[in-house]
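Everything on this sheet refers to the single structure shown next.
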Amino acid sequence: MAAPAASRDMSKPNASAAEAPPAIELVGIDKRFGPVHANKEISLSITPGTIHGIVGENGAGKSTLMSILYGFYQADAGEIRVDGIARSIDSPRAAIGAGIGMVHQHFMLVPTFTVLENVMLGDEGGALLNAGRAATRAELERLGRDYGLDVPIDTLVSDLSVGLQQRVEILKALVRGAKILILDEPTGVLTPQETDRLFEILAALRDEGVTIVLITHKLREIMAVTDTVSVMRRGEMVAHRPTSDTNREELAELMVGRKVLLRVDKKAAEPGETLVRVEGLTVRDGGPQATGVDRLSDVNFSIRAGEILGIAGIAGNGQSELLEVLAGIRAPDHGRVVLGSLEITPETPSDPATTREAGVAHVPEDRHRMGLVMSFEAQESAILGYHDRDRYNSGFFQDRSAILAEAAERAEHYDVRPPNPRLRSANFSGGNQQKIVLAREMEALPRILLVGQPTRGVDIGAIEFIHKQIIAMRDAGCAVLLVSVELDEIMSVSDRIAVMAEGKVVGEIEAKDATERALGLMMASVPLDLVAPDERDNGSNGEGGA
């Protein structure tokens, strides 16, 4: 993402930091899980009072290394030193005792507890809670004043925005005395404005001497907020850089081991006839735990052949329900969907098979739950939903040789590694599993392609490939609906962007005119016509990349 205003002066570690021992020093950390060598003699030194980024592809060993530092795992060999002193960190409690706190990607909060109760949980201050409650309240108020970490202390966590919930996680660590703060993918569920505010908070903490370790796959954020960065690849630490001496392109190359194109190279769209029309679409919460609320409310948009409509928004704002209706998985409660010649209404719902026959292909958001059968061989997962096609069958039996040959051909074309169609789907990495699903759906030559979170959990090299394939489908005349929580991806791949918040389409904008700030405001339910002109022209636009 573009560097926020606060990040302009962020690379200023404390002047006294160089005179002190490293806040964290890892020496020869080695860890195996059976045959998998997750960390290979890793050494790392982090200066106190700095923000240090750690980047690497999925499976590079970042999370394992941080889990060792926080006491979830114990290293097979090596030493951890905190402030120059060797420490045995065999549990999260030991890590907290050493002054280390961790903010997890998925928050560890109790929704039905207040902020105060969540912060006290596990550190109540004795059987009589009044003294602990008063001390924690006073400390929360102090941290709010000193670092801009204000939160409504007596409010239920379930009533807080995602950005404020993350702030509570940071406060939990600080109240327990953390001087070293590990943040794992902290911006995945934040709007750009919330991300800017988080970066301001991190800078304030750093300036007061807190050492911050930031794990993220977003290279823009590394460049915006960190002082130094380390790169991991295949379990090894391959580079350390002052952030001011590197760039996104170099970091991507270090992560992958080859040059990576971070910009999406595409020509202007040449849209044709309208293939998708969504009119007044409403979907209510269903199932045994139904709340009766609208998951989608009066949603309207259209997509033409030869163009990509991107749906931007924080996860959980109706995008999943939208994809399910368009794929024939869920029936609408009100409104109408037209997909080519197929019309879907509450009275005439569809199903996935009928939708496929109408020329609609669907790359689901959750490839494990909906895209693959993990126990199936890759060649079997490669024909799911299309297994009744003539080319896969001979009389009453499947033509196994034809299925195997086609799966092998697709594995080569889509660079699936290893290129072994007989391997179980579960034995491929996330990026290669995604390629199997993409190959299956794209090679069906659909008129309409629904793509949900196409690069979630996918390595940088595979992201480049996937984006090229989506653009190729558009250029072949396909109407593409792209749902992603990654604004860089939405802005660089889409031709038009619709923003969803609270189940509604808040606004629609041409991708060439979109900025992160404008999209961020719409993601916070501000209609486009209320976004000030200067907010529409304040950020990078269409640069793509990680």
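The values are calculated or read from the model by the stated rules, or taken from the named source; none is laboratory data. From a predicted model like this one, the values you see are computed outputs, not experimental measurements. Please note: Cβ atoms are built from the backbone with ideal geometry, for glycine as well, and neighbour counts cover all protein chains shown. These area figures cover heavy atoms from the full protein model, side chains too; ligands, DNA and RNA do not enter into them. Shrake-Rupley method; radii C 1.70, N 1.55, O 1.52, S 1.80 Å.
For the range 109-205, a simple Cβ point-charge model (Lys and Arg +1, Asp and Glu -1, everything else neutral) yields a dipole of about 280 debye relative to the Cα centre. Using +1 on the beta carbon of Lys and Arg, -1 on that of Asp and Glu, and nothing else charged, what's the dipole of the range 284-397 about the Cα centre, debye to 20? That gives a dipole near 160 debye.
In whole angstrom, note down how far apart the Cα centers of the range 375-397 and the range 196-231 are. Centre-to-centre (Cα) distance: 48 Å.
Can you pull the percent of the chain's accessible area that's carbon plus sulfur, 1.4 Å probe, other chains left in place? Carbon with sulfur: 49 percent of the solvent-accessible area. When the listed pairs LYS468/LYS504; LYS62/LYS435; LYS62/LYS468; LYS259/LYS468 are checked against a 25 Å cut-off, the alpha-carbon distance exceeds it for LYS468/LYS504; LYS62/LYS468.
Using the alpha carbons alone, the radius of gyration of the range 326-379 stands to its Kirkwood radius in an Rg to Rh ratio of 1.06.
Here, P(r) means the percent of Cα pairs in each 5 Å bin from 0 to the largest distance; for the range 153-295 it is 2, 7, 12, 14, 13, 12, 11, 10, 10, 7, 3, 0, 0. The accessible-area ordering, largest first, of the residues LYS218, LYS468 stands as LYS468, LYS218, per a 1.4 angstrom probe. In the chain, a dipole from Cβ-located charges (positive for Lys and Arg, negative for Asp and Glu) runs towards its positive end, and of ALA95, THR136, GLN166 it is ALA95 whose Cα lies farthest in that direction. This model, with +1 at the C-beta of Lys and Arg and -1 at the C-beta of Asp and Glu, gives the range 29-136 a dipole about its Cα centre of some 80 debye. Annotation: extensible slack from ALA472 through ASP154 equals 109.3 nm (criterion: 0.36 nm per residue apart, minus Cα-Cα distance). Think of a 1.4 Å ball rolled over the protein heavy atoms: the chain then has 43 Å² of accessible area per residue.
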